[in-house]
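The values are calculated or read from the model by the stated rules, or taken from the named source; none is laboratory data. Quick caveat: nothing in here was measured; it's all calculated off a predicted structure. Quick reminder, even Gly has a Cβ in these numbers, built from the backbone with ideal geometry, and neighbours come from all protein chains shown. Surface areas here come from the heavy atoms of the whole protein model, side chains and all, with no ligands, DNA or RNA. Shrake-Rupley method; radii C 1.70, N 1.55, O 1.52, S 1.80 Å.
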Amino acid sequence: MPSRHDIVTFHDPPVPPGASPWVDGGGPSPDVAVVPADPAWPDRFAEVAALVREGLGWRALVVEHVGSTAVPGLPAKPVIDVDLVVADPADESSYVPALEALGFVLRVREPWWFEHRLLRGASPVSHVHVFGPDSPEVVKHRIFRDWLRGNPDERERYAAAKLAASAASSAAGEHGMQYNARKERVVREIYARAFAAAGLV
């Protein structure tokens, strides 16, 4: 279980020299369009979760809907974000082939950031983020999601930041990482209030 300190710390490790997080020459998505909330997103998550569990069985320790599509009423990029916890994300042979057989594609490999991997699904469009049981990111994502679900004012604040970031990034021809950077300050402010409410700071 990650420590309280690990949960409230923002880990931004630099990419090691000569390394790239992108698999097979990929890169960040150029799609930064944010769309109105879709009440069908929970059903899309259920489809993704069923596929993951079909492929991995007991090896899928946690399969959880996170990110903006997990918050009712919140505008979002129409990509279902899923946190998948496995025993050892570095052991790709234990889960990647099974998920690839179901149509997922490994896009990101970041061993320097809690052994994070990302697989993209096409139908429904999804990002499956793979972490281990000791990663604080899984806890952090859950806290953020639940805080937004329970606090309409914070949800509206985040929606405004997302829409502004999307408009600015679209106008500038930026990609998804740059879109994320534009809303980072608001995200961290919301996290700070959520951590305080949870008694973590």
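Structure summary
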item	result
Inter-probe distance in nm under a simple model that places probes 7 Å from Cα toward Cβ, at residue 62 and residue 6	1.1 nm
Paramagnetic reach from residue 146 (point 7 Å along Cα→Cβ, amide N under 14 Å) across the stretch 20-56	none
Potential lengthening between residue 22 and residue 50 on full extension [0.36 nm per residue; Cα-Cα distance subtracted]	7.5 nm
Cα coordinate range in the stretch 8-81, projected on the principal axes (Å, largest first)	42, 35, 31
Tensor-based shape of the stretch 1-49 (alpha-carbon gyration tensor, a/c under 1.5 rounded, otherwise prolate or oblate)	oblate
Rounded percent of accessible protein surface that carbon and sulfur make up, the chain, 1.4 Å probe	57 percent
Lys/Arg +1, Asp/Glu -1 at C-beta; the chain dipole; positive extreme among 127, 180, 84	180
Cubic angstrom per residue, convex hull over Cα atoms of the chain	123 Å³
Surface accessible to a 1.4 Å probe, per residue, for the residues of the chain, Å²	49 Å²
Pair residue 189, residue 156: separation of 7 Å Cα→Cβ label points (nm)	1.5 nm
Nearest-20 debye value, the chain charge dipole, Cβ charges on Lys, Arg, Asp, Glu	520 debye
Length-normalised contact order for the stretch 62-187 - Cα pairs under 8 Å, 6+ apart - percent	22 percent
Computed [θ] at 222 nm, deg cm²/dmol, the chain (DSSP H ≥ 4; -39,500 (n - 2.57); rounded to nearest 500)	-13500 deg cm²/dmol
